[in-house]
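These notes concern the structure reproduced below.
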Amino acid sequence: VYLDNATNVSLSRLQLNDFQNFAIRGDTVTGFSLANSTINGTNGNNAGADEGSVSFTNLTGSASITACSFSGAVEHNVAIVNTTGTLNRITVTGSTFGTMNAATGSDGLLIESLGTAVINATVQNNSFTAAVGDHFQYSVNSSVTGDVVFTGNTISNSMTAVSGGGGIRFVGGSNVGGINAGMTFDVSNNTIRDSRGTAIAVNKLGGTGSYTGSIANNQVGVAAALNSGSAEGSGIFFLTDGGGPYVVSVTGNQVRQYGNYGIFMQTGGSGVVGNGNIRATVTGNTVSNPGNLVFAKNGFQLNGGVS
């Protein structure tokens, strides 16, 4: 299905599989919905061209994905990458994101804003079952403020042997300058296990944008399942390199079987000498049962001004 300069497209009850490039490809689409559809098989043969199962460039207006199943991508199962316009809002509910190419696969769901684009997103009550990269990545690589809600999702990873991903990651700004991204975020009531890298990461890179949000009531890892929280990374990880404020509440989370740190927060030093600050309230969390790899360190670490 190829959509070019299309408006208010609604697709439902489709079965799409085994395409050389994309199952659904959209360019400059205003208003879109996909419901009760399955996209599987093998889709795409060129990860360098960002081929995959579903891909949109400059999707604007409002959009929804409801009760669908995605798998089989050569790179991303679903990717929305905008350089201009406003997408308010993309809502993804009740869907399943499954396996992808083990050698070239990346994210289950990628949402990224570039240039002057603004994307607001709600991802709720979905199932993520496999990822080479991130199950869900939300990136603001523009000098705007995006809003993201990620709640009620169930995450596991059947592809633990192939890469360092398998978590969720929110990131904005740039350590090479010129981008002052902001973000408001809500990461709550999710269950996540079997991540290779960090399970939950909300990172503010260089720039003067403002971050505000909460990471609450998430369950990371299973006490009796070795390294199920994060085999090689941390359970919950957040940092700032930039010059703007980062205000976050981290409450009611349960982190177990982490490979590095249970909860980790850092100001400065991951790529630039930052002068930003984090104002964090970290209360009512349970951090226990570290994994047995050599990486496992502190249940909680604050690394302030490391450069």
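The values are calculated or read from the model by the stated rules, or taken from the named source; none is laboratory data. What you are looking at is a predicted structure, and each value in this text was computed from that prediction instead of being measured. Please note: Cβ atoms are built from the backbone with ideal geometry, for glycine as well, and neighbour counts cover all protein chains shown. Please note that ligands, DNA and RNA were not included when accessible areas were found on the heavy atoms of the full protein model with its side chains. Shrake-Rupley method; radii C 1.70, N 1.55, O 1.52, S 1.80 Å.
Can you tell me which residue is modelled with the highest pLDDT among those in the range 18-40 that are more than 17 Å from residue 64 (Cβ to Cβ) and loosely packed, with under 15 Cβ neighbours inside 10 Å? It would help to see each step written out before you state the result.
If we filter the range 18-40 for residues that are more than 17 Å from residue 64 (Cβ to Cβ), which is where we start, we get 18-23, 25, 27-28, 40.
Filter once more, keeping what is loosely packed, with under 15 Cβ neighbours inside 10 Å: 18, 20, 27.
Numbers: 18: 94, 20: 92, 27: 97.
Only one residue fits best here, namely 27.
Could you pull out every one of the strands (runs of 3 or more DSSP E) wholly within the range 200-307 that has 3 or more residues that are out of contact with any Lys or Arg (no Cβ under 8 Å at 6 or more places or on another chain) and over 25 Å from residue 159 (Cβ atoms)?
Numbers: elements: 200-204, 211-216, 236-240, 245-251, 254-256, 263-267, 277-283, 286-288, 300-304.
Strands (runs of 3 or more DSSP E) meeting the threshold: 211-216, 245-251, 263-267, 277-283, 300-304.
So in the range 90-112, with the set limited to residues that are modelled with pLDDT of 95 or more and either outside any strand (DSSP E or B) or not aliphatic (A, V, I, L, M) (or both), which one is surrounded by the most Cβ atoms within 10 Å (Cβ to Cβ)? Even if it seems obvious, please write down each step before you answer.
Just the residues of the range 90-112 that are modelled with pLDDT of 95 or more, to begin with: 90-97, 109-112.
So of that shortlist, the ones also either outside any strand (DSSP E or B) or not aliphatic (A, V, I, L, M) (or both) come out as 91, 93-97, 112.
On the way: 91: 16, 93: 17, 94: 14, 95: 25, 96: 17, 97: 29, 112: 20.
Among residues in the range 90-112 that are modelled with pLDDT of 95 or more and either outside any strand (DSSP E or B) or not aliphatic (A, V, I, L, M) (or both), the one surrounded by the most Cβ atoms within 10 Å (Cβ to Cβ) is 97.
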Of all residues in the range 113-145, count the ones that are touching a Ser or Thr at 6+ places or on another chain (Cβ under 6 Å) and either assigned to a loop (DSSP other than H, G, I, E, B) or closer than 16 Å to residue 56 by Cβ (or both). 13
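Can you say whether residue 281 is without any contact (Cβ under 8 Å) to a residue 60 or more places away in the chain and either acidic (Asp, Glu) or closer than 28 Å to residue 141 by Cα (or both), as far as the supplied structure shows? Write out each step before concluding.
Details: without any contact (Cβ under 8 Å) to a residue 60 or more places away in the chain: yes; either acidic (Asp, Glu) or closer than 28 Å to residue 141 by Cα (or both): yes.
Taking the combined requirement at face value, the residue satisfies it.
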Check whether at least one residue in the range 81-88 is surrounded by fewer than 17 Cβ atoms within 10 Å (Cβ to Cβ), touching a Phe, Trp or Tyr at 6+ places or on another chain (Cβ under 8 Å) and assigned to a strand (DSSP E or B), and report yes or no. no
Pick from the range 202-246, criterion farther than 20 Å from residue 269 by Cβ and β-branched (Val, Ile, Thr), ranking: surrounded by the most Cβ atoms within 10 Å (Cβ to Cβ): 220
Check off (1) open to solvent by less than 50 Å² (accessible area, probe 1.4 Å); (2) touching a strand residue (DSSP E or B) at 6+ places or on another chain (Cβ under 6 Å) for residue 47 and give me the number that stays unchecked. (2)
